[in-house]
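Working notes, beginning with the structure itself.
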Amino acid sequence: MTLKYIVSPADRILVTGSSGFIGVKVVEILLEYGFANLGCFIRPSSRLDRLKERLEQCPSGKNVELIKGDLLSRDDCRKAAEGVSLVLHLAAGMEKSFAGAFMNSALATRNLMDAFLEYGQPKRFVNVSSFAVYSTLNLKRGAILDETCPLEEAPQERCDAYGFGKLKQEELVKQYGERDEMPYVIVRPGVVFGPGKRDLSGRVGIDTFGIFMHLGGSNHLPLTFVDNCAEAIVLAGLTPGINAETFNVVDDESLTSRQFLRAYRKKTGRFSISIPYPVTCALCLLWDKYAKWSNYQLPAVFNRRRCSAEWKGNRYSNRKLRELLRWQPRISMDKAMEAFLGQFEAKSR
Amino acid sequence: MLRIAIIGCGKVADQHVGAIHRIPSCRIVSVCDRELLMAKQLCERFHISECFSDVQEMLQSTHPQVVHITTPPQSHFQLAKQCLEFGSHVYLEKPFTVTAEEAEELIEFAERRGLKMTAGHNYQFTLEMLEMRRLAKAGFLGGKPVHLESYWSYDLGDISYVGPVLGNPAHWVRRLPGQLFHNIISHGLAKLVEFLDDELTEIIVTAHQSSQLRLLGAKEVLDELRVLIRDKSDTTALFCFSTQVKNLNQLRIYGPSGSITADIIAGTVVRKENRAYKSYLTYFLPPLKDAREYLRNASVNVINFVRQRLHQDFGMKELIQRFYQSIQGETPVPVPYREIILTARLMDQIFAQIYTDNEAQECHNEVNRVHSDGRLPVARGGITDRTRRSASS
Ligand SMILES: NC(=O)c1ccc[n+]([C@@H]2O[C@H](COP(=O)([O-])OP(=O)(O)OC[C@H]3O[C@@H](n4cnc5c(N)ncnc54)[C@H](OP(=O)(O)O)[C@@H]3O)[C@@H](O)[C@H]2O)c1
C-alpha cells in the first residue's frame, strides 16, 4: 500500500510544530497511515499534554521520538534532521513583532533546511504556509482565490508580522528548491478550525473593547477542519510527482462568516455587532491615513491591504488539492462544526 | 545629518528605527546582525540601504557617527568598546552592561576619547516623567525626597517570550547573573537612582518565585523582587518588581511638603500636598483634590494626543533626540553617567544577594523549600564592602 508514496514506513519523518494545534493531528494521521519512524520536534517549553495523549492512544505511538530543541539553534536542527527523509514543517512564529515572527518562521526554516540537506536523506520538505501570504488587493470581490493569486508585496504596510514571516519563509524554501535542488512542496491552509482553538479567525471579526465586531458579513470563509487540513499536509508529504507545487487547503463545503458566527453565538451567547464592508473599508482607510499623517501615533493595524485580504470576500478552490493529492475532507462541515462548538460551554439561559 | 547605525536587529531594533525616523536631521545608514538574514529583513522593511553581519566591516564602510546597540547584554561591553574605538558615539540598550565594573570602564573609555554614551532608560523620558522631574526641580516636594517607591510589573501572560526563556537554561536571559530580573528591572531602578545619593548605606533584598512561574516550570528562576534601600542622607527607597501585580509601573516620591506619583501606564502625574484639614474636611477635600488632579491629567493627555505629542514611544524618541542633541554639542547627555553607574551597582548588589552570596544561596534554597511550609523566603544582607567602596568612589 505504501508503494504509492515517496517514503516507506521505515523512512524517518520529522514533524516540527508537532505539539501545536495542527501538528498533533498530523502526527496522529501519520501513525494512522502506518508511519511510525517519527521524530516530533518540540521546544523545552512546549505544552505536550495533547501530543502525549495522542501518542498514548496509538499502539505505534510509543516508537515516536520527541526531540527537544529550538529551530533557532543549528545544533538542535542537526540533531533533528539526522537521517530524515521527509520533513513536515509546521513550526511558525506567531509573535506580534516582525523580528520575532521572522525569526521563528524564516530563520528557523533556513536552519532546518540547511540541516536537512546536510544530514538528512532529503526526499521532500513540506513547508506549511498560510493564506496570509496572498494579496487580494487587485482581486475583485467574490473572485476565486487560488494558488495562482499574487502574493503580498508590502507585508510591512499591511502591518502583518505573521504574514511577513510566512512570506519570507516561502521565499527561502523556493530559493533552496532552485539553488540546492531541495525537493519541496508548499501547503497553504486557509482558516483552520477545530477543538483546541477557541479564538475566531480575524476574517470573521475582531474582539475589541469587550465587543465582538463582525466584519466578515456574508463572505465565504476559507475554512478547513483541523483533521482535514492535517491529512492534506500528510498527503503533500507522501504523494509522488508534485515537487515544487503549492496547494491551498480549504474544505469542500464552506460557510459564510455570518453562518459561522451565528452558530458560535448560539452556543456561547456572545454579543456581536455587524459592520458592513463599505463601513469597514472606510474606517480602515481613515485609520491608515491618520496613522501615516500622525507619524504612527496609532499603529497602522487597519489599512486597505488588510481590509482587502480579510474582509473583502472571495471564493476559494481546492481543485488542485483534490486532483493532485486525491484529498477529500474526512470530516464533513456539519460534524466539524459540532466538534468545534463542542469545546465551548453552552450558554446559560 | 547624523549618520546612524544599529547593531542587533531583533524586536527592540524595530522600536529604535521607528523612533529615529521621527527625528529630523538623522539617517540610518546601516544595520548589522551576526545573522545576516535578520539584518536584511530590517533593511527591507525600513528601506535601509546597507546591512552587514560583521561590525568592523559595517563601521569601516558606512562610518556611522552614532551606533545603537540592541543585542543581548552579554555582548554590550565588547561591541560598545569596538564602536567607541572606531570613534562612534554609542546608545546602549538596557541593561547597560552585565556588571557595574564594565559600565564604569566603558564610560571612562568614552570620556577619554571625547565620545558620548547613553543607556536605554527610555522610561525616564516619558511625558509624565518629564513633568515629575519639572515639579521636583520647581520645589514641589519641599526638599530632598524622604522616601521613594518604584513599582515595576511584568506580565507573564504572554508566554511567547518567557516560554523559551524558562524552557532553556542556555537562553541568554538565563545566563545573566540576575536572570529574568537582570533583563527587566533597570527601568524601575533607574527611576529611584535619579533621586538617590551615590553612597547607598543599606540594601535589603528579598526575592522569591511566584506560583505562576512555578507552574510554567523553571525551578531556579525568581520573578518577585523587593528591595529596600537607604542612602547616605537617609532617603529611603522601595523597589517592587512583580509578575503577579499587573499593570503597575509607578514612581512615587514623598518629600517634606508634598508627594508626586507618576504612573507610566496611565500617563498621569498626581501631586499631593502634605497638609492637614480641619475636622471632617479631611474626608471631603483631599478626595476632591485627587479627583481634580486626575481630571486635569485626563485632559492633558487628550490635548497631548490631539496635538500628537502623546505617542506610545514618546520616551524612546525623546531620549534618542536628547542624546543626538548632546552629541551635536548643545546639551549634556540625557542620562547622567552617575545614574548609569549607580543603577549598574545597585543591580550587582541585588543579584549578589539573591543569586550568589552564601546567604543568598540559603535564601535560594529556602525558595525551593518555602512552598512546602508556606513561609516567605527572605534574603537579608547589609551593604557589602564592595558596594561601600564603589559607592564612595
Ligand atoms: N491555525 C491556522 O488557522 C493556520 C492557518 C494557516 C496556516 N497555519 C500554519 O500551520 C502551521 C501550524 O499552525 P498551528 O495553528 O498548529 O500553530 P501553533 O499551534 O501555534 O503551533 C506552532 C508551533 O510552532 C512551534 N515553534 C515556534 N517557533 C519554534 C522554534 N523556534 N523552534 C521550534 N518550534 C517552534 C511552537 O512551539 P511551542 O509549542 O513551543 O510554542 C508550536 O508548536 C503554522 O506553520 C501556521 O503558520 C495555521
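The values are calculated or read from the model by the stated rules, or taken from the named source; none is laboratory data. Source: prediction; values computed, not measured. Here the Cβ is made from the backbone with ideal geometry for all residues, glycine too, and neighbour counts use every protein chain on show. Note: areas computed on protein heavy atoms with side chains; ligands, DNA, RNA excluded. Shrake-Rupley method; radii C 1.70, N 1.55, O 1.52, S 1.80 Å.
Residues that are buried (at least 21 other Cβ atoms within 10 Å of the Cβ) and either within 25 Å of B:Ala136 (Cβ to Cβ) or not aliphatic (A, V, I, L, M) (or both) within region B:196-210 comprise B:Leu196, B:Leu200, B:Ile203, B:His208, B:Gln209, listed in sequence order.
Condition check ((1) within 14 Å of another protein chain (Cβ to nearest Cβ); (2) within 9 Å of the ligand (Cβ to nearest atom); (3) open to solvent by less than 10 Å² (accessible area, probe 1.4 Å); (4) over 14 Å from the mean Cα position of the chain (by Cα)) across all residues:
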{"residue": "A:Glu152", "(1), (2), (3), (4)": "yes, no, no, yes"}
{"residue": "A:Glu171", "(1), (2), (3), (4)": "yes, no, no, yes"}
{"residue": "A:Gln175", "(1), (2), (3), (4)": "yes, no, no, yes"}
{"residue": "A:Pro189", "(1), (2), (3), (4)": "no, yes, yes, no"}
{"residue": "A:Ala232", "(1), (2), (3), (4)": "no, no, yes, no"}
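Can you spot a residue in region A:19-36 that is assigned to a strand (DSSP E or B) and either touching a strand residue (DSSP E or B) at 6+ places or on another chain (Cβ under 6 Å) or away from the ligand (no atom under 14 Å from the Cβ) (or both)? No. Of all the criteria given as (1) touching a strand residue (DSSP E or B) at 6+ places or on another chain (Cβ under 7 Å); (2) of a type in the set (D, E, K, R); (3) open to solvent by 50 Å² or more (accessible area, probe 1.4 Å), the one not satisfied by B:Lys144 is (1). Among residues of region B:247-263 that are free of Cβ contacts under 8 Å to residues at least 60 places away in the same chain, those with a beta-carbon under 8 Å from a residue that is open to solvent by 20 Å² or more (accessible area, probe 1.4 Å) and of a type in the set (Lys, Arg) at least six positions away or on a different chain give the pairs B:Thr261/B:Arg252; B:Thr261/B:Lys272. Filtering A:Asp114, A:Asp49 for residues that are within 14 Å of chain B (Cβ to nearest Cβ), farther than 30 Å from B:Thr71 by Cα, more than 9 Å from the ligand (Cβ to nearest atom) and among the charged types (D, E, K, R) leaves a single hit, A:Asp49.
From the list B:Gln308, B:Gln321, pick out the single residue that is under 17 Å from B:Thr126 (Cβ atoms), in a loop (DSSP other than H, G, I, E, B) and of a type outside the set (D, E, K, R).
Values: B:Gln321 fails: in a loop (DSSP other than H, G, I, E, B).
Testing whether each residue is under 17 Å from B:Thr126 (Cβ atoms), in a loop (DSSP other than H, G, I, E, B) and of a type outside the set (D, E, K, R) leaves just B:Gln308.
Residues in region B:2-24 that are in contact (Cβ under 8 Å) with a residue 60 or more places away in the chain and open to solvent by 60 Å² or more (accessible area, probe 1.4 Å) were compared, and the one that is farthest from the other protein chains (Cβ to nearest Cβ) is B:Arg3.
Residues in region A:119-133 that are more than 11 Å from the ligand (Cβ to nearest atom), of a type outside the set (S, T, N, Q) and not in a helix (DSSP H, G or I): A:Gly120, A:Pro122, A:Lys123, A:Arg124, A:Phe125.
On the given criteria, is A:Ala80 more than 14 Å from chain B (Cβ to nearest Cβ), near the ligand (Cβ under 10 Å from one of its atoms) and closer than 23 Å to A:Ile6 by Cβ? Judged against the criteria, A:Ala80 is a match.
Of the strands (runs of 3 or more DSSP E) lying entirely inside region A:197-268, those containing at least 1 residues that are under 20 Å from A:Ser129 (Cα atoms) are A:223-225, A:246-249.
Just to be sure, is A:Phe302 aromatic (Phe, Trp, Tyr) and at pLDDT below 95? For A:Phe302, the condition - aromatic (Phe, Trp, Tyr) and at pLDDT below 95 - is not met. When each of B:Val98, B:Val90 is tested for being touching a strand residue (DSSP E or B) at 6+ places or on another chain (Cβ under 7 Å), among the β-branched types (Val, Ile, Thr), open to solvent by less than 40 Å² (accessible area, probe 1.4 Å) and not assigned by TED's automatic domain parsing to the domain that holds B:Glu224, the lone residue that passes is B:Val90.
Residues that are more than 14 Å from chain A (Cβ to nearest Cβ), free of Cβ contacts under 8 Å to residues at least 24 places away in the same chain, open to solvent by 40 Å² or more (accessible area, probe 1.4 Å) and within 24 Å of B:Gln349 (Cα to Cα) are absent from region B:176-189.
Just give me the residues in region B:138-168 being more than 16 Å from the ligand (Cβ to nearest atom) and either of a type in the set (Phe, Trp, Tyr) or modelled with pLDDT under 85 (or both), in sequence order. Full working, then the answer.
Filtering region B:138-168 for residues more than 16 Å from the ligand (Cβ to nearest atom) gives B:138-155.
Matches in region B:138-168: B:Phe140, B:Tyr151, B:Trp152, B:Tyr154.
Once region A:83-99 is narrowed to residues that are modelled with pLDDT under 95 and within 12 Å of the ligand (Cβ to nearest atom), the residue that is farthest from A:Thr16 (Cα to Cα) is A:Glu95.
For region B:34-55, a residue qualifies if it is within 11 Å of another protein chain (Cβ to nearest Cβ) and open to solvent by 30 Å² or more (accessible area, probe 1.4 Å), and the qualifying residues are B:Glu35, B:Leu36, B:Leu37, B:Lys40, B:Glu44, B:Phe46, B:His47. Scanning region A:18-46 for residues that are open to solvent by less than 10 Å² (accessible area, probe 1.4 Å) and more than 14 Å from every other protein chain (Cβ to nearest Cβ) returns A:Ser18, A:Gly23, A:Val24, A:Val26, A:Val27, A:Ile29, A:Leu30, A:Phe35, A:Leu38, A:Gly39, A:Cys40.
Yes or no: A:Asn104 under 26 Å from B:Leu216 (Cα atoms) and either of a type outside the set (Gly, Ala, Ser) or within 10 Å of the ligand (Cβ to nearest atom) (or both)? Answer is yes for this residue.
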